[in-house]
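K.L.:
This structure is in structure tokens; I'll ask about it shortly.
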Amino acid sequence: MSAAAPGTSKAAHSDVAPKRKKGPGALATAYLVIYNVVMTAGWLVIAVGLVRAYLARGSYHGLYYSIEKPLKFFQTGAILEVMSRVFLTWAVTHSVREVQSEDSVLLFVTAWTVTEIIRYSFYTFSLLNHLPFLIKWARYTFFFVLYPMGVTGELLTIYAALPYVQKTGLYSVTLPNKYNFSFDYYTFLILIMISYIPLFPQLYFHMIRQRKKVLGHVEDYSKVE
Amino acid sequence: PTATVLDIKALFHKSCEDEEVLQTLPVGTTASFYFSDLGPQLTWGTVFLSECVGPLIIYLMFYFRLPFIYSPKYDFTTSKHWIVHLACMCHSFHYIKRILETMFVHRISHGTMPLRNIFKNCGYYWCTAAWMAYYINHPLYTPPYYGQQQVNTGLYIFLFCQVGNFSIHVALRNLKLPGSKAKKIPYPTKNPFTWIFWLVSCPNYTYEVGSWIGFTVMTQCVPVAFFTLVAFIQMTVWAKGKHRGYLKEFRDYPTLRSSILPFIL
């Protein structure tokens, strides 16, 4: 049931992804198609899994308790990722047309897609209690490359969007106005880029620690057998 | 064994009843105390003061348009709008009142709070004060749409709620006799501002939200509205907690009362 939170939040993504097909070429489109198929299937499986678990237990109370910890964990960890992805998709790539043909977009799309395919297979198999070690291993190993790859792509894309945003004043509000409020999207984007500096290492090292915990246990287990 | 809890407490940060002598505690001849060191602590009084002094000073810095905030040609100038001066007076009054209350009115029951909280809380209060002050005192500030009428309405609401808030604080203080730790249900007194106790458990929060709504109407400023909303949410959480505490503590707690908004919340 740990998939519940990412499942619901990622559902939004499957709606969002097709709209971005204005710029990227055939390769990215293929990835996006696979991406969507996997997402839809994964979400359905999660929903089915929840119902099955409820029927097996017979009540709501135990259900929440059993998913509470993983739910909180994935919710908190996932929320950052989800927010950053939705932001990248809509507020940067979609909004700033000039950016859509940049290579950096392909970079983070690839990283996200591979990550998600692995992650959703991981959740699916976990729910069915048949988690192949390969998937688990892949999930906790591929990130070594995929995280930096995704982050680089995201940062480059935002950076590419900056001059356009400054020139057109996109999403910005200036004084004077009757609400006495202002917002400078250009500065906001720069602050976002800066926020990657503390955030990314935290997430990265958290995954490394998780890896030790998860893969470490399995190694002990196989030794016992 | 004949040491009191207070003696041990002097060595650690744990909270327990100070007056109990170890020997009389129902724990047998050997008791193990488990302590969790919560880290360096500060008294609530200290925290409240720093939370209030910050916004007071910061707002004034923007009001007097100190250098490096706005464009240099506006340094040390004053606004031509009467509302800006009024807003400064209200904001400053609010925080001075709070500081005085913390020093002379409040009786704080919890001893301390962790050091980390002060950074978190102060950071929030100071930053939002700066954010609000920036726009209200900005050279390009736009006075409220409905003019003097709107300003007056906002002002009356603000003042009414400030007096109300103060009345509640005094009433709550009078509930607790110095030295006694007995808890009592607050009831309306002769002061009309306390009559809201018929309907609400935590009218101090109700009046506080009211003050900020008044200030928002008065200044017509989105950051102020945002701050008011966040404050409302936070205070509702606190009020609900307090309300639940009352219900648990007192069997005969008045059933008409809600936590913060009469009949609603």
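K.L.:
At q = 0.10, 0.18, 0.20 Å⁻¹, work out log10 I(q)/I(0) for segment B:62-219 with the Debye formula, treating every Cα as an identical point scatterer and leaving solvent out; two decimals please.
P.N.:
Result of the Debye calculation: -0.48, -1.17, -1.30.
K.L.:
Return the equivalent ellipsoid semi-axes of segment B:72-159 as a descending list in whole Å, where each equals the square root of 5 times an eigenvalue of the C-alpha gyration tensor.
P.N.:
31, 19, 11
K.L.:
Which value, in Å² rounded to 10, gives the accessible area of residue B:124 with a 1.4 Å probe and all protein chains present?
P.N.:
We get 80 Å² for residue B:124.
K.L.:
Relative to the compact globular guide of 2.2 N^0.38 Å, what is the alpha carbon radius of gyration of segment A:79-138, as a ratio?
P.N.:
1.44
K.L.:
Rounded to the nearest 100 Å², what is the sum over both chains of accessible area buried where B meets A, with a probe of 1.4 Å?
P.N.:
Heavy-atom accessible area buried at this interface is about 900 Å².
K.L.:
May I ask which of A:178/B:120; B:120/B:184; B:184/B:248; B:97/B:183; B:97/B:184 have a Cα-Cα span longer than 21 Å here?
P.N.:
A:178/B:120; B:120/B:184; B:97/B:183; B:97/B:184
K.L.:
Here's another thing I want to ask about it. Using the C-alpha gyration tensor of segment B:174-265, what are the square roots of 5 times its eigenvalues, in whole angstrom, with the largest one first?
P.N.:
Working from the Cα gyration tensor, I get semi-axes of 27, 14, 13 Å.
K.L.:
Something else: Two decimals is fine: what's Rg over Rh for segment A:71-183, C-alpha atoms, Kirkwood radius as Rh?
P.N.:
1.12
K.L.:
With all protein chains present and a 1.4 Å probe, how do B:252, B:75 order by accessible area, largest first?
P.N.:
I get B:252, B:75, largest accessible area first.
The values are calculated or read from the model by the stated rules, or taken from the named source; none is laboratory data. Please read all numbers here as calculations on a predicted model, not as lab measurements. Keep in mind that these areas ignore ligands, DNA and RNA; they rest on the heavy atoms of the full protein, side chains included. Shrake-Rupley method; radii C 1.70, N 1.55, O 1.52, S 1.80 Å.
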